[in-house]
Amino acid sequence: MTISEMLSQSGILTLLGMGVVFSFLIIMIFAMTGLHAVIHALGWDKEEKKDAAPAAPAAAPASDNGAIIAAIAAAVHEKESN
């Protein structure tokens, strides 16, 4: 087998491999689009609303703002004095 035959065979194999991968990607895109349409048509993409009470806010209540500010001021003052 000569070099030119080997190069032509490797080129054919490369194109064949790229074609297989491209074909798989196209099939996967169509499958995902179809699945999206089915899920949307069945209404499975909507979240159910729960009747549970809302969670407490993560921030501290407004009445504790003075204590938080005092703690931050004390920490800054201590850091600057060292």
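What follows is calculated from the coordinates using simple rules that are stated; it is not laboratory data. Since the structure is predicted, the reported quantities are computational estimates derived from the model, not experimental observations.
General remarks:
- ³J(HN,Hα) computed for each position of the stretch 13-28 - Karplus, 6.51 cos²θ - 1.76 cosθ + 1.60, integer Hz, glycine/proline x: 5, 5, 5, 5, x, 5, x, 5, 5, 4, 4, 4, 5, 5, 4, 5
- If the segment from Trp44 to Met32 were pulled out straight at 0.36 nm per residue, it would be longer than the present Cα-Cα gap by 2.8 nm.
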